[in-house]
Amino acid sequence: MMRQYELVERVAGYIENPNETLLNKAYVYAMQKHGEQKRASGDPYFSHPLEVAAILTDLHLDEETIAVALLHDTIEDTDATRIEIDEVFGSKIGHLVEGLTKLKRLDLVSQKAKQAENLRRLLLAISDDIRVLLVKLSDRLHNMRTLGAMRPDKCKRIATETMEIYAPLAGRIGMQDLRDELEELSFKYINPQAYETVIGHLDVLAEKNKSLTQEISQNLQSKLAEANIKARVSSRQKKPYSVFRKMESKGLNFEQLSDIYGFRLIVEKEQDCYQALGFVHTEWKMVPGRFKDYISVPKQNDYQSIHTTVVGPARQRVELQIRTEQMHKVAEYGIAAHASYRNNENYLESSAYESLRATIEQLAEGDNAEEFLEHTKLELFLDQVFCFTPKGRIIALPKGATPIDFAYAVHTDIGNSCIGCKLNGKIVPVVTQLQNGDEVEIIRSEKQSPPAAWESVVATGKARSSIRRASRQAVYKQYSTLGARILERHFDKAKQTYDKDLLEIALPRLARDSVDDVLAEVGRGEMQPDDVVVAIYPEYQVENQEVDAQSNGKSALIQNKKPGRIPIRGINSDLPVKFSKEGGAVPGDNIIGILVPGEGITIYPSESKTLAKFKDDGAHMIDVRWDLDPANKERFPASIYVLVDNKPGTLALVADVIAKNDGNIQNLSMKVIVDEFMEMKIDIDVWGRSHLTQIIKQLSEKSVISKVDRITG
Ligand code: MN
């Protein structure tokens, strides 16, 4: 166990004249309080807070933080109290220790339902003082290093929590080393077999490549020296979890990954980075698409480096990170690298902390705990892209974000009125995935409200909940507009006068609070127009020509059974309903109805590109769902586009695949586009979306077919 004087010496190694009294007092206090307590491993309990403190000295943290680390378990596990700690160490330290105590209690709660609330409290405590997170992460790191002493089921739960929450948080504040270690330790417990396999492979590989790694390293070093660039070259050891993650995310096997070598060039000045880069690129061929300049645009966690991949001397791929010493320090220590000792305000200057804090504040706005957890997982733990407003402001977004996310990130009003966007000066669909460095200009219309379908496209919680809210309102408005129209027609047919004021008076009879609620329910098909007539004119006799004697007057049911009726829920009106002509919707599709006044309602698959054109011409989007009777088997028309080789027998082959997969070809047209290729448009009747997908898949497996796409008009 580390002695008292050793701890003080460590701190004195990076702080001039440290507050020895504080360190000594905290050491003695914690040691006495924990007394004879033991850890699961049998070690004295005090060894744990001491190790946590040691981890924080490696990060060069101030004496207050070290003292808090020593004391972090005293309130929870010993007879120490907040009042006593305040008396001995002052209320600042007391406050931090109490914060950690609360978090420790939360660790013990394992129910899923509580998880979100726990995480929220953790984040709020962090935004109060970032040092809480630094101590908590070090605490978790030491617990993970000594996890083996725990019961296996407990190990797995703690490891999973570490992987899902603490490791990403460490990454988010730029503490890459800590993140790596947390991930590697967790991986071992979460997936022991995969861990063993990867370790085995890596050992074999390391042995095999020892000389090659040295050769590349020396080659780089000497070539750079010739060019007068002073650089420290080191090879990066591959870590089991990062290898495993790469295999999983890119679908590669170990062999495909094994020809990648990682090296790091540490240079003196920023301009040396670019010089070294230029040199490397002239000396070796660069692999396209792998170059990233995080020096001119740093990551949100302050990380700076140049990344590139070149084809090395023995034709293997060599990944290079080029950075200065200072950048290297930030890359390893993250926020902690900004610590100027004894001055908490310096953390505040770090933009990583700033952005973490901003995210937390945004997250805290979430409506409920569940939504909060969803947002957090989306925003806190994903990789990011950085985009610019036309005025040059940087907006950081999770990877996969769209211009819609961008619009909402700038302001909710901008998101709600977004109708299109320009990416780097060119108009593109709003669902385009943003790339690093994109300049995004949002095109707006005040009349617009965001389509509900966007909810499944966006990547940020803020956009998602705003769209949900706005489209709830918009859908409600559409239904009430539709309802009003239905009622007007229905009253006409019933030869009664429709009047909003009369409906207002009749509200109690319908047990509804507002006229709009009634209209929306009629629009949604949840209230019969006849009920509204009767509520206003109680003497009115409902005549149901369509109802037969046995049906108890459920006219809606009868209508549903009428042949040729489109089986869609959410529409109850006399307006004609039809499928879009070009490649209509089939069961299993998400569908959207478009109400064009005077024409009726047309149903489109939600991915249909035609939908975009209705956005601002006054048409109404209606949220509809399928209402199929499983007993009533019926086929639906769909269309596909096929690009095939222009040679004999191709047509027969296409027709054969469709027939073998139980598709009914209704119509087929074709056109030779160049001599080698022919385009076909085929209308097929199918049972539903999965049936259609199966046909498309079978077709696309044929070698003469180079492209198959569904047409959604
Ligand atoms: Mn602890």
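The values are calculated or read from the model by the stated rules, or taken from the named source; none is laboratory data. Because the structure is predicted, anything quoted here is derived from the model rather than measured. Here Cβ is always computed from backbone atoms with ideal geometry, including for glycine, and neighbour counts include all displayed protein chains. The accessibility values were calculated without ligands, DNA or RNA, using every heavy atom of the protein model including side chains. Shrake-Rupley method; radii C 1.70, N 1.55, O 1.52, S 1.80 Å.
Does any residue of segment 14-36 turn out to be under 24 Å from Met150 (Cβ atoms), assigned to a strand (DSSP E or B), out of contact with any helix residue (DSSP H, G or I) (no Cβ under 7 Å at 6 or more places or on another chain) and charged (D, E, K, R)?
Scanning segment 14-36, I find no residue that is under 24 Å from Met150 (Cβ atoms), assigned to a strand (DSSP E or B), out of contact with any helix residue (DSSP H, G or I) (no Cβ under 7 Å at 6 or more places or on another chain) and charged (D, E, K, R), so the answer is no.
Somewhere in segment 142-157, is a residue touching a Phe, Trp or Tyr at 6+ places or on another chain (Cβ under 6 Å), part of a helix (DSSP H, G or I), more than 16 Å from the ligand (Cβ to nearest atom) and over 27 Å from Pro44 (Cβ atoms)?
Scanning segment 142-157, I find no residue that is touching a Phe, Trp or Tyr at 6+ places or on another chain (Cβ under 6 Å), part of a helix (DSSP H, G or I), more than 16 Å from the ligand (Cβ to nearest atom) and over 27 Å from Pro44 (Cβ atoms), so the answer is no.
Residues Asn544, Asn552, Asn560: which one is open to solvent by 80 Å² or more (accessible area, probe 1.4 Å), among the polar types (S, T, N, Q), at pLDDT below 85 and within 25 Å of Asp627 (Cα to Cα)?
Answer to the selection: Asn552.
For segment 438-471, how many residues are touching a strand residue (DSSP E or B) at 6+ places or on another chain (Cβ under 8 Å) and open to solvent by 40 Å² or more (accessible area, probe 1.4 Å)?
5
If I filter segment 139-179 down to residues being surrounded by fewer than 19 Cβ atoms within 10 Å (Cβ to Cβ) and either among the small types (Gly, Ala, Ser) or not assigned by TED's automatic domain parsing to the domain that holds Val68 (or both), which single residue comes out as modelled with the lowest pLDDT?
This residue is Ala149.
Filter segment 137-164 for residues that are in contact (Cβ under 8 Å) with a residue 60 or more places away in the chain and of a type in the set (A, V, I, L, M, F, W, C) and give the result.
Leu141, Ala149, Met150 - these are the residues of segment 137-164 that are in contact (Cβ under 8 Å) with a residue 60 or more places away in the chain and of a type in the set (A, V, I, L, M, F, W, C).
If a residue counts only when it is surrounded by 12 or more Cβ atoms within 10 Å (Cβ to Cβ) and of a type in the set (D, E, K, R), which strands (runs of 3 or more DSSP E) contained entirely in segment 585-698 have at least 2 such residues?
Ranges flagged: 677-686.
Return the residue satisfying two criteria in turn: it lies in segment 187-196 and is in contact with a Phe, Trp or Tyr (Cβ under 8 Å, 6 or more places away or on another chain) and part of a helix (DSSP H, G or I), and of such residues it is most open to solvent (accessible area, probe 1.4 Å).
Lys188
Tell me, yes or no, whether segment 490-497 has at least one residue that is under 23 Å from the mean Cα position of the chain (by Cα) and part of a loop (DSSP other than H, G, I, E, B).
Within segment 490-497, not a single residue is under 23 Å from the mean Cα position of the chain (by Cα) and part of a loop (DSSP other than H, G, I, E, B).
Would you say Met163 is touching a helix residue (DSSP H, G or I) at 6+ places or on another chain (Cβ under 7 Å), within 16 Å of the ligand (Cβ to nearest atom), closer than 30 Å to Pro298 by Cβ and of a type in the set (A, V, I, L, M, F, W, C)?
Answer is no for this residue.
Tell me which residues, restricted to segment 429-470, are modelled with pLDDT of 85 or more and over 22 Å from the mean Cα position of the chain (by Cα).
Result: Glu441, Ile443, Arg444, Ser445.
For segment 59-72, indicate whether the set of residues that are in contact (Cβ under 8 Å) with a residue 60 or more places away in the chain and open to solvent by 20 Å² or more (accessible area, probe 1.4 Å) is non-empty.
Checking segment 59-72: at least one residue is in contact (Cβ under 8 Å) with a residue 60 or more places away in the chain and open to solvent by 20 Å² or more (accessible area, probe 1.4 Å).
Can you report the number of residues in segment 470-501 which are touching a Phe, Trp or Tyr at 6+ places or on another chain (Cβ under 6 Å) and not hydroxyl-bearing (Ser, Thr, Tyr)?
4
With the checklist (1) more than 16 Å from the ligand (Cβ to nearest atom); (2) within 38 Å of the chain's Cα centre (by Cα); (3) of a type outside the set (Lys, Arg) in hand, flag the one item Glu6 doesn't pass.
(2)
In this structure, is Leu169 within 30 Å of Pro298 (Cα to Cα) and within 16 Å of the ligand (Cβ to nearest atom)?
no
Considering only residues that are outside any loop (DSSP other than H, G, I, E, B), out of contact with any Asp or Glu (no Cβ under 7 Å at 6 or more places or on another chain), hydroxyl-bearing (Ser, Thr, Tyr) and modelled with pLDDT of 90 or more, which ones fall in segment 267-325?
Of everything in segment 267-325, those that are outside any loop (DSSP other than H, G, I, E, B), out of contact with any Asp or Glu (no Cβ under 7 Å at 6 or more places or on another chain), hydroxyl-bearing (Ser, Thr, Tyr) and modelled with pLDDT of 90 or more turn out to be Tyr274, Thr308.
Could you check, for segment 421-433, whether at least one of its residues is over 23 Å from Tyr294 (Cα atoms), open to solvent by less than 10 Å² (accessible area, probe 1.4 Å) and in contact with a strand residue (DSSP E or B) (Cβ under 8 Å, 6 or more places away or on another chain)?
yes
Which one of these does Asp662 not meet: (1) of a type in the set (Asp, Glu); (2) on the phi > 0 side of the Ramachandran plot; (3) in contact with a strand residue (DSSP E or B) (Cβ under 8 Å, 6 or more places away or on another chain)?
If we test Asp662 against (1) of a type in the set (Asp, Glu); (2) on the phi > 0 side of the Ramachandran plot; (3) in contact with a strand residue (DSSP E or B) (Cβ under 8 Å, 6 or more places away or on another chain), just (3) comes out false.
Which of the residues belonging to segment 78-96 are over 15 Å from Gln32 (Cα atoms) and polar (S, T, N, Q)?
Listed by number, the list holds a single entry, Ser91.
Can you tell me which residue among Ser138, Ser211 is away from the ligand (no atom under 16 Å from the Cβ) and among the hydroxyl-bearing types (Ser, Thr, Tyr)?
Ser211
Step by step: first the residues of segment 39-57, then only those that are among the polar types (S, T, N, Q) and open to solvent by 10 Å² or more (accessible area, probe 1.4 Å), then the one that is nearest to the ligand (Cβ to nearest atom). Which residue is that?
Filtering segment 39-57 for residues that are among the polar types (S, T, N, Q) and open to solvent by 10 Å² or more (accessible area, probe 1.4 Å), the one nearest to the ligand (Cβ to nearest atom) comes out as Ser47.
Looking at segment 58-90, which of its residues are more than 16 Å from the ligand (Cβ to nearest atom), modelled with pLDDT of 90 or more and farther than 18 Å from Asn24 by Cα?
Asp79, Thr81, Arg82, Ile83
Go through (1) more than 23 Å from the chain's Cα centre (by Cα); (2) open to solvent by less than 40 Å² (accessible area, probe 1.4 Å); (3) within 16 Å of the ligand (Cβ to nearest atom) one by one and return the number of the condition Leu182 breaks.
Every listed condition holds for Leu182 apart from (1).
Condition check ((1) without any contact (Cβ under 8 Å) to a residue 12 or more places away in the chain; (2) farther than 24 Å from Leu178 by Cβ) across all residues:
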{"site": "Leu50", "(1), (2)": "no, no"}
{"site": "Glu76", "(1), (2)": "no, no"}
{"site": "Asp79", "(1), (2)": "no, yes"}
{"site": "Gly90", "(1), (2)": "yes, yes"}
